1. May I ask you to verify whether Gly128 is at pLDDT 95 or above, within 15 Å of ligand 1 (Cβ to nearest atom) and more than 16 Å from Gly69 (Cβ to Cβ)?
2. Out of the residues in segment 82-109 meeting the condition of being within 13 Å of ligand 2 (Cβ to nearest atom) and of a type in the set (D, E, K, R), tell me which one is nearest to Glu137 (Cα to Cα).
3. Which one is farthest from ligand 1 (Cβ to nearest atom) among residues in segment 84-125 that are farther than 22 Å from Ser154 by Cβ and acidic (Asp, Glu)?
4. Is it true that Ser91 is of a type in the set (Ser, Thr, Tyr), assigned by TED's automatic domain parsing to the domain that holds Ile147 and touching a Pro at 6+ places or on another chain (Cβ under 7 Å)?
5. Which number in (1) buried (at least 20 other Cβ atoms within 10 Å of the Cβ); (2) under 23 Å from the mean Cα position of the chain (by Cα) marks the one condition that Gly87 misses?
6. Can you tell me how many residues in segment 64-81 are out of contact with any Pro (no Cβ under 8 Å at 6 or more places or on another chain) and surrounded by 14 or more Cβ atoms within 10 Å (Cβ to Cβ)?
7. What are the pairs, 6+ residues apart or on separate chains, where a residue within segment 21-32 that is surrounded by 11 or more Cβ atoms within 10 Å (Cβ to Cβ) has its Cβ under 6 Å from a residue that is assigned to a helix (DSSP H, G or I)?
Amino acid sequence: MPGELIQVKRDANLGLLDRLYLPAIVQGLFVTGRHFFRNLRGFVSGKNRRDFVVQYPEERIDPPDAFRGMPVLVQLENGQPRCVACGLCESACPTDCIDIVSAELEGENAERFPETFEIDMSRCMFCGLCEEACPEEAIVMSREFEIASYDRASLVFGKSELLVPEPLLERRLAFLRAEYQRAGEPDGG
Ligand code: SF4
Ligand code: SF4
């Protein structure tokens, strides 16, 4: 059901009752109560459960393609990251939680690759700016969000934790290409 547009009248002259906020409080209690009893009836009867979002963790949802879980690195067929260690994601990250050490691949073109690539997930806020900054579609937001830990040190993820085979990220990559109207895979992909 589409949402209802509510216009807030900020300049309205408030009467005494309005200034006491009593009508708003009663109205809020009424709305909360209505949802509570409708939920209760649905829970007891097993029907009309439309107000239940999801019974996590027993129930799981398939997040939409726009969902931003933890950032991961795209892994090519040869097992290597697509990343060319340009550092743009590192610069774009507002929480400074990406740390890349680049090295040169042997060969005439002296291409670069990330010798180490770490993300401190305890600081990552899943904003997706790294994904936006990457010219290679090498770092993308995954559907993974269950990364809670009692130990902050274990939340520094290296390449072994971050690399995800490209076919598993196809939905997100297709979403990004449509979103940014990209033609397809970047060169060398
Ligand atoms: S999602 Fe945001 S905070 Fe997390 S690594 Fe990317 S840019 Fe940094
Ligand atoms: S922006 Fe992309 S290619 Fe550049 S270092 Fe980050 S992940 Fe690698």
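1. no
2. Arg82
3. So the residue we want is Glu108.
4. Working: of a type in the set (Ser, Thr, Tyr): yes; assigned by TED's automatic domain parsing to the domain that holds Ile147: yes; touching a Pro at 6+ places or on another chain (Cβ under 7 Å): no.
No; evaluated as a whole, the condition is false for this residue.
5. The number of the failed condition is (1).
6. 8
7. Listed pairs, sorted by first residue: Pro23/Leu17.
Every residue, every condition in (1) more than 28 Å from Glu179 (Cβ to Cβ); (2) in contact (Cβ under 8 Å) with a residue 40 or more places away in the chain; (3) surrounded by fewer than 17 Cβ atoms within 10 Å (Cβ to Cβ), yes or no:
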{"residue": "Lys47", "(1), (2), (3)": "yes, no, yes"}
{"residue": "Arg60", "(1), (2), (3)": "no, no, yes"}
{"residue": "Cys97", "(1), (2), (3)": "no, no, no"}
{"residue": "Met121", "(1), (2), (3)": "no, yes, no"}
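The values are calculated or read from the model by the stated rules, or taken from the named source; none is laboratory data. Quantities reported herein were computed from a predicted structural model and do not represent experimental measurements. Positions of Cβ are backbone-derived with ideal geometry, glycine not excepted, and every protein chain shown enters the neighbour counts.
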